Structures are given as C-alpha cells and as structure tokens.
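Beneath this line is the structure, given in structure tokens, with notes to follow.
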Amino acid sequence: MGTVTRGTTNPNRLRRMDRWIAAVHGAELRRADDPVAVDLGYGAAPWTAVELLHRLRTVAPRARVVGIEIDPARVAAARPYEREGLLFRHGGFEVPLDRRPLLIRAANVLRQYDESEVAAVWQRLCARLAPPDPAAGALGGLLVEGTCDEIGRRHVWVALGPEGPRTVTFATRLGSLQRPSDLAERLPKALIHRNVPGEPVHAFLRDFDRAWAAAAPYAAYGARQRWIRAVRDLTADWPVTDGPARWRQGEVTVGWAALAPRS
Ligand SMILES: C[S@@+](CC[C@H](N)C(=O)[O-])C[C@H]1O[C@@H](n2cnc3c(N)ncnc32)[C@H](O)[C@@H]1O
C-alpha cells in the first residue's frame, strides 16, 4: 500500500533517530524473544537499514531488521546486502510480515504524501505494531515517523505507540543552529503545514526562539549549554518529557497533545 516516491538517502543520515530509538526503546527490544524492527521506505540504497541494525544491536543483541520498500527495483538492489539479522522485502504500509514488529521506522517517507493521508497511514501502521502485554510489563511496539535534511543535521519525528501519537522530538547538530525554528523546515508532514499563527507547533517554536534568545549569555560556554538552558526555560510552559541527558545531545521531546494540530 502506498506509492513509489523519490529514493533519496545518505549514509549516516538517520543517526540521531537511530540513537534516540536505541535509548528510549532499547529495553523493550532487549526483553523480547525475537525483536523485529522495520525500516519502511529505506530508499534507493540500503544504508539506513544496515545502520539501524548496527545501532539496535548495541542495546539489543538479538534485534533483527527488515527493510521494506515499495519500489521492487530498490528491493533487488538491496538484496546483496542481506546478512544475518537483515532482510529486504517488497511492500508498503500493510507491512507484510508474519509477526507484528516492535519497531517501525519511516523516515522521509510521508513527507512526499498529502497531509490528508497521514492520519490513516499512522492508524494502519500503529495497528501493525506489537501490542502491549501488561502481564509481561511490555509496552508494545513503537512507530517513529519523521523528516530530516540530506545529511541528518536537523531532524523532527513523531513517536507513536499502538494507541496513537505520544511525543514529538526535535534533534539537531547544535553547531549549525541559528535558532530553534530553523527546524521548522523539517517538521513531519502532520505538522509542517501547521507552522502558522494560531497553531500549537507555531507557538512552541516561537517560545523556543525566545528562550534561545534569552539564553544567549550561555553561548559563551558553547551551543550545548545554551540549548540546555533554553529547554529548561521551555519546561515552564510546555510538557517536555525528557531530561538533560537527552538535551545534551541537541534534542528535546515534547508530549504530542501539546503540539497536535487544532483541527
Ligand atoms: C526519500 S526516501 C527515504 C529513504 C530513507 N528512509 C532515508 O530517510 O534516507 C523515501 C522512500 O520511501 C519509499 N516509499 C514511499 N512510500 C512507501 C510505502 N508506502 N511503503 C514502503 N516504502 C515507501 C519510496 O519508494 C522511497 O524509496
């Protein structure tokens, strides 16, 4: 299900997303008997799937990755890279696997679809995630859907559980940042058209820019200290769900409900 779109990708482009997934979802992957992760829409070359496997295995040694692409030529091109723990399959949003995965990562895929299609695609993908198992203390699968620039310096993604959207994460290389709203051009499809006055995501980026400006004196200690200070200020008005250990990486994660489009 879906349509073939441009296959642009780059080695190491999704490192920020990979590291975040390993940090927040590693325990869930580690405890599973057969932790399967899907790299949906890996593009014209299989680099991002290879790297996802590598980074997940640092926290969950039994992790497996299945790269799924809707363009059969891209599947054929990736097959020579198959190895233990890494497979490539033809398919789309139906996620053609015989077990429900613990992770579906869709990076730079929905950006090329229409905004009106996003909710249905999210629903479909969330329904394919491994369900929670409260008796075993398992939270279930995670869908990570977002967008980044060509070399992964600016990245924004939404994380969803089987029940729906949970959080939005902004991640950037701090050395190249003029102001936090530079990230606006990488908002995921569900939010990019909502960066206008009256919408929560616009108010968030406005407040973030103000906090960044107020934190200018911290620039003397480096962009990292300035970012940490600005995010700390933001926590007064916005439901920031992570802490300094992630902020140090040039990240901040906010509850989805606070940024969700008004209509
Ligand atoms: C811009 S590339 C992104 C590649 C890689 N994920 C990255 O971020 O570097 C988007 C890819 O998604 C694929 N795609 C689009 N819709 C899809 C779908 N419904 N299921 C699987 N792949 C899809 C396209 O064929 C294309 O190769």
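An ellipsoid equivalent to segment 174-250, defined through the eigenvalues of its Cα gyration tensor, has semi-axes of 21, 13, 12 Å when rounded to whole angstrom and sorted largest first. From helices alone, the chain scores -9500 deg cm²/dmol at 222 nm; the rule is -39500 (n - 2.57) for each run of n ≥ 4 DSSP H residues, then divide by the residue total. Inverting the pair-averaged 1/r between distinct Cα atoms of segment 134-229 gives 14.9 Å as its Kirkwood hydrodynamic radius.
Against the main long axis of the alpha-carbon atoms of the chain, helix 223-234 sits at an angle near 80°. Take every pair of alpha-carbon atoms less than 8 Å apart whose residues are at least six positions apart; their mean separation over the length of the chain yields a relative contact order of 15 percent.
Distance from the Cα centroid of segment 1-59 to that of segment 110-130 is 17 Å (rounded to whole angstrom). Relative contact order, whole percent, for segment 174-250 stands at 26, derived from Cα pairs under 8 Å and 6 or more residues apart. Got a sec? Charge dipole of the chain, +1 on Cβ for Lys and Arg, -1 for Asp and Glu; which of HIS193, ALA106, ILE21 is way out at the positive end? The Cα lying farthest towards the positive end belongs to ILE21.
Result for the chain in a Gaussian network model with C-alpha springs under 10 Å: among ALA32, ALA107, ALA130, the largest mean-square fluctuation is at ALA32.
Of PRO134, PRO46, PRO239, which is the most mobile in a GNM of the chain whose springs link Cα atoms less than 10 angstrom apart? Result for the chain, Cα springs under 10 Å: PRO134 fluctuates most.
Using a Gaussian network model of the chain in which every pair of alpha carbons under 10 angstrom is joined by a spring, one finds that among ASP133, ASP18, ASP207 the greatest mean-square fluctuation is at ASP133. Classified by the C-alpha gyration tensor, segment 66-150 has an oblate form. Its axis ratio a/c, with a ≥ b ≥ c, is 1.5 or above, and a/b does not exceed b/c.
Assuming charge only on the beta carbon of Lys and Arg (+1) and of Asp and Glu (-1), the dipole of the chain about its Cα centre is about 720 debye to the nearest 20. Charge tally for LEU129 (other residues, Cβ to Cβ under 10 Å; Lys, Arg +1; Asp, Glu -1): +1. Shape verdict for segment 15-171, please, from the Cα gyration tensor: rounded (a/c under 1.5), prolate (a/b greater than b/c) or oblate. Cα axes put segment 15-171 in the rounded bin. For the chain, the longest principal axis of the C-alpha atoms and the axis of helix 200-214 are separated by about 50°.
With both residues required to sit in the chain, DSSP beta bridges show an antiparallel share near 55%.
Net charge dipole, segment 174-250: roughly 220 debye, given to the nearest 20, about the Cα centre with Cβ charges of +1 for Lys and Arg and -1 for Asp and Glu. Both numbers refer to the Cα atoms of segment 6-58; Rg and Dmax are 11.5, 36 Å.
None of the figures in this text is laboratory data; all of them are computed from the coordinates on show. A quick note: this is a predicted structure, and the numbers were derived from the prediction, not measured. Positions of Cβ are generated from backbone atoms using ideal geometry, with glycine treated the same way; all protein chains shown enter the neighbour counts.
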